[in-house]
Amino acid sequence: MLSYTEKIREIAGRLLQSGAVEMVIGFRAGTVPMMNEPHFAKTPADVQKLVWDSHCGINLANYLTDRKEKIGVLAKGCDSRNIVTHIIENKIKREQLVIIGVPCKGMVDKRKIAMKAETEITEVIEAETTITAKGHGFSKTFEKKDVLQHNCSLCIHRNPVIHDEMVAPPVVEQQGVDRYADVRSIAAMTPEQRWKYFEDLLAPCIRCYACRNACPLCYCPTCFVDESRPQWVGKSLDPSDVRTFHFLRAYHCAGRCTDCGACERACPVGINMRTFTKKLEQDCLDLFGWEVGLDPEVRPPLDVYRPQDPNDFIK
Amino acid sequence: MKMITINKSEWADGLQKAAQAYRLFGPVKEKEFHSFKRLQDGVLPDLACLNTRLSPKHLIYPQSEVMFDYTLDESRADHHILKEAARDDSPQAVVGIRPCDAKAFVLVRMNFDTPEYQDPYWIRAYEATTLVGLGCAAPCSSCFCTTAGCGPYHEEGLDVLLADAGNHYLAKVLTEKGAKFVAAAGWKTAAEPQAADRTIAALKQASESKITSFVQTDNLRSTETTDLHNAAFWEEVSFSCINCGTCTFSCPTCWCFDIQDENRGKAGVRMKNWDSCMYPLFTLHGTGHNPRGTKLHRVRQRFMHKLKYFVDKYDRGIHCVGCGRCVRLCPVNIDIRRVCNMMNNFAASGAACAIE
Amino acid sequence: MEHMGIEPGRLQFSWISSAESTKFVEVVTQVTAAIKALGPNSNFAKKMAEVA
Amino acid sequence: MLNPYLPYPVRIDDIAVETEDKNLKTFKFTFLDPGDEQKFAYKAGQFAELSVTGKGEIPIGIASSPTEKGFVMFTVNRVGLVSSHMHAMKPGDVMGIRGPMGNCYPWERMQGKNVVIIGGGFAFTTLRSSIVYMLHPDNRPKFKDIHVIYGARGPGMLLYRDELAEWERRDDIHMHITVDATTDPNWKYNVGFVPAITEKKAPPAGDDTYAIICGPPIMIKFTQPVLDRLGYSHDKIIMSLENRMKCGIGMCGRCNIGKEFVCKDGPVFTLEQLNKTPREY
């Protein structure tokens, strides 16, 4: 994936110069290890700042919502599926976009690496399949596949599903991935155990809403937690309010979530909130045979009525 | 100023004694991260931690705090009248707080303790708190305290400064509160002041030399507020922001809050909750007009407040202690060090333009 | 909801036309009986005193 | 330590509907503890937080004048959660008032000067307070000519109509009431927007003349160039701002314009001051 950078700059430069787009949205090198910053390029100097490596985890579809200009945007598999969802939901027009597809091998989970390091990581060096983390008097090399973001390790859509340009030939998709092991392990619990499990999961939440705001799907002008008339959810850290926020947010993403992992990646206190969305994703697959964001012509199952929709839950 | 030697063998015992007079708090590891928690039943603060993920500001300024309670039951004589809620202002001590986080309270105090008004909640909690700080021997790569008006052995705001000198701690007792705490812990071996000072100075120097990141702030004061406000770079700075509250909630110096009533049946409370200038709702008028309606406005407000308005209002430096939390936690890597230097350089380039 | 630890049966769905008043009464009676049998759900009740 | 967040309990004495759209009501309050009235000593131009128990607080300009004793008065526009709830309340209900807050109009500086009051819509509340204050027999000699330019969308949208009529009849105050448009054949005052009427009726600028402007942003935007053309200097143009507020005492952090808090350092600023701060209001 490291070789992508040159190609990305080449494509971005060309698109800007030809006037095909007014800006190209990608990443520039971050100021701390294992972080890159979303960045827009409008000039040749900006283009030279664009980079690509295993730390481009933020979902760039988030930056397209309601924009009016013509935009070139880098898109991994998950980003491209969110772009499809954006197009279906009229948050951007297909004609406005030049989608620069980036075949993805998975993004690295900085929390996983940090936990395996003995001290603060001050530098990370990436090779094709490995990643080396260095700190004060410390250096350790990991196989990338062992330190991927959890969602990336389960991903079966690494190649962009929609694109106008590609920075490299498609990568081989993962086969035979067990995507719902976590959902099954929760299903095996009693209701009390589950309640406790989610209580522990959400205990550190500070309601900063990084998960919500990192999510390309969360674009409502006023989120239900911010409504004051009526006020649906209390504003304190009361556990029932925190939980109400998290599971309602998950419901709002049902049939729309691409499991891009932006929510977990953004969380400052390390909550794995995909534990909520994963269940809904599995239900959509089981009940409707639905996988989100593969086709801009098909609306999601909770958005349409079909006579064959399952209705066993209705008494 | 007294200097005390605390042999590490006396440490646990002393804290146990202090726990009889104080509610003790300190850094404790939970799952992956450290946070400041109540030290129950002889649990020791984990002083090896590189600083906690979130700041300890909640110990004085909880994220959610009940101010008043009331009844809406009209059969009661005092219906609809607010009454002060019960609270615990018994002495508490924060053991192992870093100098940056302690200095942050000094800055926040300027907001809550003013000549005209005093916030009784913050002030009572602050007055009940003794800050027993640990000099920071291993600053992180994102720490920039030395150029943010602070430092790894900075004393301002602390009641006791501890320095780890191998088999013992040197405790520099800085205030009356600190003296009381040391007495309650029963630590009384006086250290030879000059030798102790030399040891601390050496540790301080060693630590400061490990700090590799800096901000420049010298031009901020002299720059015109409106020029800085209108600078072109804000679009580029704010582009990646997702408008979450991570930076402000993790920041030890951010103090903004909201006031909310919450009812349950006929009873209810009025409370203060942390709020964030990153949220659109923060400044939204009832009419729908929002003076800071875009993320550019809001990102600019955060940095301008910390690095310009505060500088102008109090003339006490920037409203930042260089703890680096926002740098480490921002989901999209917006870096205050970079922005601070841009603002400072803008000042310099602005001056250059004026000469031309 | 069950995934998160709400007991099975606490959330029920029925399809009732605005003309089916008898069915509405039946369903409401049945659901309230079923929920009462489960007892109060304390999980989602706010514990106000704990706010501090 | 005094708790600045604790409101004085008050009882609603009287509620009057002000405008034909019924969105503005004037509330007259009396303090449950008469001692609180002394503590709530205020000046014209200040505001207070009205506290509805169980709903929250809203910052509202004080419409009564310090010269009026035994009650305080506020005119509230129905916009949000708290104000809507207030509109459903009845005389006798108990709520709270916290304040007074903010600075006031610069009465010291305006002594011996001409005062031009320019107001629009429902922002006339603290201007009513100011006019009543200045017209009080103890205070009237302290000021030279007083002009009032006040406009609303239509005759039914003017606040305090009885008092306006009474002031029209006096000869120690020059009233220039206007409406944007009207079909009322009996309307005997001006028709036109406030900036246009200001251009025609405002007295000439000079060292002895201060203008106080308070109104919707659009009115301010177009009135300011008029005052510039008339030669008013920016240190003689006084404006009262509004921003979302919670604490009212300069602590909660949201209402700032630059380093100034609208709630504590304002809401009254001269245009000269505002020119030096970011326009975030």
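The values are calculated or read from the model by the stated rules, or taken from the named source; none is laboratory data. Treat the numbers as computed from the prediction; the structure is a model and nothing was measured. All Cβ positions, even for glycine, are placed from backbone atoms using ideal geometry, and neighbour counts span all protein chains on display. Only protein heavy atoms, including side chains, enter the accessible area calculation; ligands, DNA and RNA are left aside. Shrake-Rupley method; radii C 1.70, N 1.55, O 1.52, S 1.80 Å.
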For chain A, set up a Gaussian network in which alpha carbons nearer than 10 Å are linked by springs, and say which option among A:49, A:91, A:116 fluctuates the most. A:116
Going through the range B:87-157, which GluC sites (Glu not before Pro) have at most 11 other Cβ atoms within 10 Å and a DSSP loop state? B:116
For the range D:1-81, count the residues as N, evaluate 2.2 N^0.38 Å, and divide the Cα radius of gyration by that value, please. 1.10
Calculate the dipole size of chain B relative to its Cα centre from +1 charges on Lys and Arg beta carbons and -1 charges on Asp and Glu beta carbons; express the result in debye to the nearest 20. 600 debye
Residue mean of other protein chain beta carbons inside 10 Å, D:163-174: 0
Can you work out D for chain D in µm² s⁻¹ from Stokes-Einstein, where Rh is the Kirkwood radius over C-alpha pairs, the temperature is 4 °C and the viscosity is 1.567 mPa s? 67 µm²/s
For the range D:114-240, would you read off the P(r) tail past 24 Å as a percentage of all alpha carbon pairs? 22 percent
Considering only DSSP states other than H, G, I, E and B, which GluC sites (Glu not before Pro) in the range B:1-77 qualify as loop sites with at most 11 other Cβ atoms within 10 Å? B:74
At 1.306 mPa s and 10 °C, plugging the Kirkwood radius over alpha-carbon pairs of the range A:180-314 into Stokes-Einstein gives what diffusion coefficient in µm²/s? 98 µm²/s
When the charge dipole of the range A:1-177 is computed with +1 at the Cβ of Lys and Arg and -1 at the Cβ of Asp and Glu, the Cα pointing farthest to the positive end, of A:48, A:82, A:132, is that of A:82
In what sequence, highest mean first, do A:129-139, D:244-254 appear when ranked by Cβ atoms within 10 angstrom? D:244-254, A:129-139
Could you state, as a whole-number percent, how many of the C-alpha pairs of chain A are farther apart than 37 Å? 17 percent
Dividing the mean separation of Cα pairs under 8 Å (6+ apart) by the residue count of the range A:129-169 yields a relative contact order in percent of 26 percent
Farthest positive-ward along the range C:1-48 dipole, Cα basis, beta-carbon charges - from C:40, C:22, C:3: C:40
Dividing the alpha-carbon radius of gyration of the protein assembly as shown by 2.2 N^0.38 Å (N being the number of residues), what value is obtained? 1.03
For the protein assembly as shown, size of Cβ-based charge dipole, Lys and Arg +1, Asp and Glu -1, in debye: 760 debye
Relative contact order, percent, the range A:178-304 [alpha-carbon distance under 8 Å, six or more residues apart]: 28 percent
In terms of modelled amide H atoms, which long-range or inter-chain residues lie less than 5 Å from the amide H of residue B:129? B:92
Considering every residue in B:62-70, what mean count of other chain Cβ atoms within 10 Å of its Cβ is obtained? 4
Peptide A:30-37 - average C-beta neighbours from other chains (10 Å radius): 6
Taking N as the number of residues in the range A:20-149, what is its Cα Rg relative to 2.2 N^0.38 Å? 1.18
GNM, chain B, Cα, under 10 Å: largest mean-square fluctuation among B:149, B:286, B:96? B:286
The correct ranking of C:3, B:168 by accessible area at 1.4 Å, largest first, is B:168, C:3
Bins of 10 Å, starting at 0 and running to the largest distance - Cα pair percent for the range B:150-197: 24, 57, 19, 0
Can you list the residues, at least 5 places off or on another chain, whose amide H is less than 5 Å from the amide H of residue D:256, using H built in the peptide plane? D:262
Loop-resident trypsin sites (Lys or Arg not before Pro) in the range B:147-250 with no more than 14 other Cβ atoms inside 10 Å, DSSP not H/G/I/E/B, are B:188, B:221
For chain D, what is the relative contact order in percent, using Cα pairs closer than 8 Å and at least 6 residues apart in sequence? 18 percent
At most 14 other C-beta atoms within 10 Å and a DSSP loop state: those are the exposed GluC sites (Glu not before Pro) I care about. Give me the longest piece of chain A that has none. A:228-296
Between helix D:217-230 and chain D: long-axis angle, C-alpha atoms, 0 to 90°, nearest 10: 40 degrees
Taking the dipole of the range D:179-281 about the Cα centre (Lys, Arg +1; Asp, Glu -1; charges at Cβ), the one of D:214, D:240, D:261 that reaches farthest to the positive side is D:261
